[in-house]
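Q: Structure in structure tokens, see below.
The values are calculated or read from the model by the stated rules, or taken from the named source; none is laboratory data. Predicted model, so just to flag it, every value in this text is computed and none were measured. As a convention, Cβ positions derive from the backbone with ideal geometry for all residues, glycine included, and neighbour counts pool all protein chains shown. We work out accessible area using only protein heavy atoms, side chains counted, and drop any ligands, DNA or RNA first. Shrake-Rupley method; radii C 1.70, N 1.55, O 1.52, S 1.80 Å.
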Amino acid sequence: MLLSGPAAIKTDRAAWGLDEPAVMASSCETLADSHTVSPAAERLRHILGEDDGGPTPTIFTEMDTLQQEGGELEWKESARWVKFEEKVEEGGERWSKPHVSTLTLHSLFELRTCLQTGSILLDLEAFSLPQIVDEMVERQIADGLISEDVKDKIVFVLLRKHRHQTKKPIHRSLADIGKSSSSSAAANRSPQANLSRSTSSASAVRRSTDDLPRHASSLGRLHHAQSRSMNDISETPSSDQMKNKFMKKIPRDAEASNVLIGEVDFLDKPFVSFVRLAQATTLGGLTEVPVPTRFLFILLGPHGKTKSYNEIGRAIATLMVDDLFSDVAYKARDREDLIAGVDEFLDEVIVLPPGEWDPKIRIEPPKKVPSAEMRQGFRVPPYDSIAAKHGPSTRSCSARSRKSVLNLNELAQMNGSAGGPVGGEDEQLPVQHEIGEELKFTGRLGGGLWLDVKRKIPWYCSDIYDGFHIQTISAVLFIYLGCITNAITFGGLLGDATDNYQGVMESFLGTALAGTVFCLFGGQPLIILSSTGPILIFEKLLYEFCKSNGVDYMELRLWIGIHSCLQCFVLVLSDASYIIQYMTRFTEEGFSSLISFIFISDAIKKMVGAFKYYPINRAFKPDYVTSYKCDCVPPDQGRPWNISAPLADDNMSLLFNVSDLDWTQLSKKECIKYGGTLVGKACKYVPDLALMSFILFFGTYSMTVTLKKFKFSRYFPTKLRQLISDFSIIISILLFCGIDVLLGLDTPKLHVPMHMKPTRADRGWLVMPFGKNPWWWYVASFVPALLVTILIFMDQQISAVIVNRKENKLKKGCGYHLDLFWVGILMAVCSFMGLPWYVAATVISIAHIDSLKMESESSAPGEQPQFLGVREQRLTGTLVFVLTGLSVFLAPVLQYIPMPVLYGVFLYMGVASLSGIQFWERIKLYLMPPKHQPDFAFLRHVPLRRVHLFTLVQITCLAVLWVLKSTFLAIIFPVMILGLMVVRKLLDMMFSQHDLAWLDDILPDKDKKKNEDDKKKKKKKMTTADTESDEECC
């Protein structure tokens, strides 16, 4: 919480019933106890340590101020809080933007005084506002805080009607018409100015309340029935309250806290009351929205202190929405518990010097705030052992000092402070990347596979019905277009590399078969299978070897697939995936960055190639348009030629005599068909298809990026923004496909096979394992199969680690062994059918996860939507691959999609997969001056030169991998991934474990050693702290 105000505070102590020496003594005691255990901290430890069996509800707080409108007294809503503050801006008759509450230190001390001197009613059994008011007033009279004379007047004031911001009175709108007084207009613009009209308002209160004894004299003593007759508030929520759209911002289990602030003439000192109801009750029109009220804070005081009352109201309202104080308010047993909660709040505030910032500036809500668990440092488990050894007071002391360090460290990080940890300590390390129990070595044959099956079976049904959501429609269409583009690209390259033994048709069928089986039965259905570059190079080298040595390619490939399948089974049964835990962020980022750059470079290469096929007409001169022509010249004008043109209907031939044709009327295609020659400068003219293709390519990419960020814009309602963001890729594709159709240019289109048959006519859908190669080839194929197994194992498991990152908040677990098991089975099946081999595709899998991310739907105004995780299910992947298999029948529709649009989708996939990679962020630091660099956590703890050195090592490794993948050595690409793990091991000699903890992850063996060192350091520090504590106590 941010505060502003002078260090020295002068308060009218007599008005609050507290002497100056008492305040000073309290402050001195607080300062004296800042390094020891205070009674407040000890009290809160016991309060919050009690487990009441349920979480504390969210509190919605509304503050109303007493005003006079149209000659009548009423309570007018002036501010509200769900998490951040919103003020009523009367000049614009609207709510302000949500902002962080900035309080004065003065107001917090005065609030503390109010709770000390006012009446506190906890767990009050009351179910209506008149009943609550009666109880409050009776308690004040019993405690001697007010006299019987003012009872009727207080009840009358507290039961006036409440006008909320959503409801504007007609008489006020008509009264505003024709106003010419600038002073009146100025007074209506500020809530504080309204409250400052104390003379007229207070006199109106006096006139209204002075008449009460005369009207109530015949009724005798004022009881609950009489106060109900004076009630001006409806007992049931109005239709405006029920229809208020603001309810969408409030959680369903929320409860209300009402703060009533006003000044009157009939009181000599403030009337303060804090009430907690035993059961939350809806009090009719008291609250803006129909939320049951649990807390009430009422402050009525003599006139002349409008601003002070208003600030005290804002202070208690801000505390009520504070996670820690609200927990205290629910569990408080007496007045001292509440005061201890205020003291704890004061212990955490940060004061801003009044001359170094403008209090009128509204601070934007941060993207992230410290968690309540982090703030409750005394509840951290490790300190329980301290208490067990040294007693409860020692634990409180250690926890309290630890809590202060945690709070200031975390708050500094949240607010972007340039400073490091408090006191110069640097003992906090980032949470290390943990692979999880899925990769623990079981020591049993197939133990990891069995655990994967047990882990995934309970979730199987939810994996199906969790997919029934509108978000999955967007994800299916997006990933489907990416998959078919990838299938067509790799299918065409495979056809060129293998002389059409495998082509586009095989690629489509194999993608559909392998992907569907994997998504239905695999351990991580969010992974998308696809062909990869190293597999393509292996297929090319294998075919060239078979062709030059007279070996049947399809049969040898089948045996390689069988051996690779068996080797995958051996890896699964032996829990070989255990070694994946040695792949740290260094290896993951190197691999994923390489794949991302491949996607980006391939998309750009395709577009550059379009300029070669469709060159821009730079020689075209508009001024010489009259000289541009193209004539069709017959093959030979001297003698007639008979050209045979087959007819499609009856397969007969029609003989054309060249001399009978009108060559000047033939089209370009007909001229070439009949053997003519095109002559003229305009014959080679084509529209600027390359430029148009570039517009489609870059337009699809840029619009997708723009619409993806649209959910953070300020236009349109939240749900519409979210819908546009979810369908951003589909909207972009449809828009630019429509532009292409409208222009009618012959841009390159998506070509999909029209018939379900093998690409090569002399092969079938099944490959026989025997008969074409000598028997010893069946055994010798074990050697190349080993290379394929290493390739598949590394590709599959690294992609799985990236998908299963803790940042994705996956809740249903994963199955590394189960995934590899099914990839091995699919290797054998695809080999028997002559289909390509498939493995996890990193970029498309990341795009799949990105399209299924979930965010909180109900968030407080100003609060950033919280990332909840990924919609884990099997439906999207299954539908994607089923549609891929049916693409043959969708060819009449898919042929209208321009290839540049799909290249734009590829570019977006590559760029989007780079987001969130620390390596990419560190590369950009090279181009930034230090003062403009983002406030990354690792920059606070690691010198910049060490950060640049670590990044340079990663760039070098990435460059080596890029060179290798561009040559025939790409076949050893998996071995080079293992090389990255070796490089990472060598980095332990160049960097300290502290630096590696921030820039990478600590290796498992190093982690164990470091944990032992940390325990020794902590034990030594605890011993030192105990010694110092004993000395202070003495």
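Q: Of all residues in region 890-912, count the ones that are in contact with a strand residue (DSSP E or B) (Cβ under 9 Å, 6 or more places away or on another chain) and open to solvent by 10 Å² or more (accessible area, probe 1.4 Å).
A: Number of matching residues: 5.
Q: Just to be sure, is residue 757 farther than 23 Å from residue 508 by Cα and either at pLDDT below 80 or among the acidic types (Asp, Glu) (or both)?
A: no
Q: Do we find a residue being of a type in the set (Asp, Glu), at pLDDT 70 or above and either touching a strand residue (DSSP E or B) at 6+ places or on another chain (Cβ under 7 Å) or at negative phi (or both) anywhere in region 55-66?
A: Yes, some residue in region 55-66 is of a type in the set (Asp, Glu), at pLDDT 70 or above and either touching a strand residue (DSSP E or B) at 6+ places or on another chain (Cβ under 7 Å) or at negative phi (or both).
Q: Which residue, of 111, 103, 129, 115, is open to solvent by 10 Å² or more (accessible area, probe 1.4 Å) and either closer than 30 Å to residue 151 by Cβ or in contact with a strand residue (DSSP E or B) (Cβ under 6 Å, 6 or more places away or on another chain) (or both)?
A: Among 111, 103, 129, 115, only 129 is open to solvent by 10 Å² or more (accessible area, probe 1.4 Å) and either closer than 30 Å to residue 151 by Cβ or in contact with a strand residue (DSSP E or B) (Cβ under 6 Å, 6 or more places away or on another chain) (or both).
Q: Looking for whichever is closer than 25 Å to residue 481 by Cβ and over 22 Å from the mean Cα position of the chain (by Cα) here; the options are 710, 727, 736. Which one fits?
A: 736
Q: Using the structure shown, decide if residue 122 is over 21 Å from residue 276 (Cβ atoms), aliphatic (A, V, I, L, M) and open to solvent by 10 Å² or more (accessible area, probe 1.4 Å).
A: no
Q: Suppose the filter is over 23 Å from residue 770 (Cα atoms), open to solvent by 10 Å² or more (accessible area, probe 1.4 Å) and of a type in the set (A, V, I, L, M, F, W, C); does residue 537 pass it?
A: Here the answer is yes, as residue 537 does meet what is asked.
Q: Conditions first: (1) at pLDDT below 85; (2) within 30 Å of residue 495 (Cβ to Cβ). Residue 736 passes all but one, so which condition is the exception?
A: So residue 736 meets the others, but not (1).
Q: Moving on to the next point. Out of (1) crowded, with 23+ Cβ neighbours inside 10 Å; (2) touching a Lys or Arg at 6+ places or on another chain (Cβ under 8 Å); (3) assigned to a loop (DSSP other than H, G, I, E, B), what's the single condition that is false for residue 812?
A: Result: residue 812 fails condition (1) only.
Q: While we're looking at this one, here's another question. Considering each of 37, 23 in turn, give the residue that is among the β-branched types (Val, Ile, Thr), under 30 Å from residue 262 (Cβ atoms) and modelled with pLDDT under 80.
A: So the residue among 37, 23 that is among the β-branched types (Val, Ile, Thr), under 30 Å from residue 262 (Cβ atoms) and modelled with pLDDT under 80 is 23.
Residues checked against (1) modelled with pLDDT of 90 or more; (2) farther than 14 Å from residue 109 by Cα; (3) crowded, with 23+ Cβ neighbours inside 10 Å:
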site: 267; (1), (2), (3): no, yes, no
site: 272; (1), (2), (3): yes, yes, yes
site: 278; (1), (2), (3): yes, yes, no
site: 298; (1), (2), (3): yes, yes, yes
site: 304; (1), (2), (3): no, yes, no
site: 339; (1), (2), (3): yes, no, no
site: 345; (1), (2), (3): no, no, no
site: 355; (1), (2), (3): no, yes, no
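Q: For region 760-787, give me each residue that is in a loop (DSSP other than H, G, I, E, B) and of a type in the set (Gly, Ala, Ser).
A: Of everything in region 760-787, those that are in a loop (DSSP other than H, G, I, E, B) and of a type in the set (Gly, Ala, Ser) turn out to be 761, 764, 771, 781.
Q: How about region 433-506: which helices (runs of 4 or more DSSP H) wholly inside it have at least 1 residues that are over 31 Å from the mean Cα position of the chain (by Cα)?
A: 447-456, 470-498
Conditions tested, residue by residue: (1) over 24 Å from residue 326 (Cα atoms); (2) among the β-branched types (Val, Ile, Thr); (3) in a helix (DSSP H, G or I).
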site: 110; (1), (2), (3): no, no, yes
site: 121; (1), (2), (3): no, no, no
site: 130; (1), (2), (3): yes, no, yes
site: 137; (1), (2), (3): yes, yes, yes
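Q: In region 699-746, what residues are exposed (fewer than 12 other Cβ atoms within 10 Å of the Cβ) and at positive phi?
A: Across region 699-746, the qualifying residue is only 744.
Q: Can you tell me which of (1) more than 30 Å from the chain's Cα centre (by Cα); (2) in contact (Cβ under 8 Å) with a residue 40 or more places away in the chain; (3) more than 30 Å from residue 786 (Cα to Cα) is the one residue 965 doesn't meet?
A: (3)
Q: Which ones in region 913-955 are open to solvent by 50 Å² or more (accessible area, probe 1.4 Å), in a helix (DSSP H, G or I), of a type outside the set (A, V, I, L, M, F, W, C) and touching a helix residue (DSSP H, G or I) at 6+ places or on another chain (Cβ under 9 Å)?
A: Listed by number, the residues that qualify are 930, 940, 946.
Q: Looking at region 446-480 only, could you name the residues that are exposed (fewer than 12 other Cβ atoms within 10 Å of the Cβ) and of a type in the set (A, V, I, L, M, F, W, C)?
A: The answer is 457, 461, 468, 470.
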